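The values are calculated or read from the model by the stated rules, or taken from the named source; none is laboratory data. Note that the structure is predicted; figures quoted are calculated from it, not measured. Methodologically, a virtual Cβ is constructed for each residue, glycine included, from the backbone with ideal geometry; neighbour enumeration extends over all protein chains shown. Ligands, DNA and RNA are stripped out before the accessible areas are found, and what is left, the full protein with its side chains, is counted by its heavy atoms. Shrake-Rupley method; radii C 1.70, N 1.55, O 1.52, S 1.80 Å.
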Amino acid sequence: MKIFPAIDIIGGKAVRLTKGNYDTMETFGDPSDFVKSFAEEGATCLHMVDLDGARSGQTDNFSTVEKICKLLPETEIGGGIRDIDRIRRYLDVGVKRVILGTAAVKDPTFLDEAVRLFGDAIAVGVDSKNGFAATDGWEKVSQKSAFEFCTSLPERGVKTVIFTDVSCDGMMKGTNLSLFARLSEIPSLNVIASGGITYYEEIKALSEMKLYGAILGKALYKNLLSLKKSILIAEGEK
């Protein structure tokens with residue numbers, strides 16, 4: 001299993017939220033500094049979210065993303081990506097995988113077109129609030145079951161899902177292991193777990209589920225988890 005340290009960006013700065021609530025924002029500084037330290041600890045992957053873009057639908061922090069996306073070989077970006085030109089812009093500057101969230105839930109035709117054009121470079125971000133897929137920077141909730149939405153994606157050509165249980169996100173009290181166990185059983189779907197991962201035992205459990213990856217956020221920033229140790233556990237080492 002791969003470990004993806006997370007960079008959430010607002011106003012060009014690395015931030016963390018609790019349960020997706022913008023009013024709980026904590027600012028941590030220059031994202032590039034964090035990415036460089038992640039690389040020094042052995043990271044090869046990076047998960048980025050443009051939180052300004054998630055609300056505005058614009059590429060608010062494009063210059064910041066462009067600056068840091070080349071520092072690690074496997075980077076992914078989400079947040080406000082709702083047209084083909086923006087997908088292409090990100091891929092052209094070195095992003096490996098573009099995450100469609102709100103657009104994937106609200107506009108299936110757009111999702112299908114993006115997958116047709118860019119294949120495996122398209123992932124879907126599914127953010128679950130009380131079991132339903134949230135949209136618009138987690139500020140709205142659709143009527144689509146988050147789990148059932150995931151089960152429908154492989155037949156549409158989507159290979160990778162980043163799944164977040166919003167109720168756990170940023171709480172540093174653990175993640176929803178039972179839900180990820182269910183998701184791991186969906187055929188032909190690479191699942192990246194996100195939301196509240198706090199303990200080394202959780203990383204080991206997620207790895208044993210054969211998930212594709214796990215995203216570490218606030219627990220890294222608060223020094224509750226060592227990135228280096230987390231990577232070793234995810235790779236099957238003690």
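What is the sum of charges around T109, taking Lys and Arg as +1, Asp and Glu as -1, for the other residues whose C-beta is under 15 Å from the C-beta of T109? Taking every Cβ under 15 Å from that of T109, the sum is 0. Heavy-atom accessible surface of M1, to the nearest 10 Å², is about 40 Å², with a 1.4 Å probe and all protein chains retained. Look at the dipole of the chain built from charges on Cβ: of G11, S188, T59, the Cα furthest out on the positive end belongs to S188. Listed values for the range 83-89 are Karplus-derived 3J(HN,Hα) couplings in whole Hz (6.51 cos²θ - 1.76 cosθ + 1.60, θ = phi - 60°), namely 8, 5, 4, 5, 4, 4, 4, and x replaces Gly and Pro.
Sequence-ordered 3J(HN,Hα) estimates for the range 209-216 from the Karplus curve with 6.51, -1.76 and 1.60 and θ = phi - 60° stand at 6, 6, 5, 6, x, 9, 9, 10 Hz, glycine and proline given as x.
Relative to the Cα centre, the charge distribution of the chain, modelled as +1 at Lys and Arg Cβ and -1 at Asp and Glu Cβ, gives a dipole magnitude of about 220 debye.
Applying 0.36 nm per residue to the separation of E148 and E208 and subtracting their alpha-carbon distance, the gain on full extension is 19.3 nm. If you count Lys pairs in the range 106-183 whose Cα atoms are under 15 Å apart, skipping same-chain pairs closer than 8 places in sequence, the total is 4. Take each peptide in 151-158, 64-71, 41-48, count the other Cβ atoms within 10 Å of every residue, and average; sorted highest first, the result is 41-48, 64-71, 151-158. Taking a sphere under 14 Å around the Cβ of P154 and counting the other residues whose Cβ falls inside, with K and R at +1 and D and E at -1, yields a net charge of -3. Calculated accessible area for the chain comes out at 43 Å² per residue, all protein chains present (probe 1.4 Å; ligands, DNA, RNA ignored). For the range 119-238, the share of DSSP beta bridges that are antiparallel, to the nearest 5, is 30%.
Rounded to the nearest 10 square angstrom, F38 shows an accessible area of 10 square angstrom against a 1.4 Å probe. The distance from the alpha carbon centre of the range 64-78 to that of the range 116-174 is 21 Å, rounded to a whole number. 3J(HN,Hα) along the range 223-228: 6, 7, 10, 8, 5, 4 Hz, from the Karplus curve 6.51 cos²θ - 1.76 cosθ + 1.60 with θ = phi - 60°, whole Hz, x for Gly and Pro. Can you give the accessible area of K159 in Å² (nearest 10), computed on protein heavy atoms with a 1.4 Å probe? Near enough 90 Å² of accessible area.
In this structure the amide hydrogen of V126, modeled in the peptide plane, comes within under 5 Å of the amide hydrogens of I162, F163, T164, none closer than 5 places in sequence on its chain. Within the straight-line cut-off of under 13 Å between alpha carbons, the aspartates and glutamates reachable from K228 are E40, E41, E237, sequence neighbours fewer than 8 places apart in one chain being disregarded. Accessible area of the chain with a 1.4 Å probe: how many percent of it is carbon plus sulfur? C and S atoms contribute 48 percent here. The amide H of K140, built 1.01 Å from its N in the peptide plane, has T135 as neighbours under 5 Å, considering only residues 5 or more places off or on other chains.
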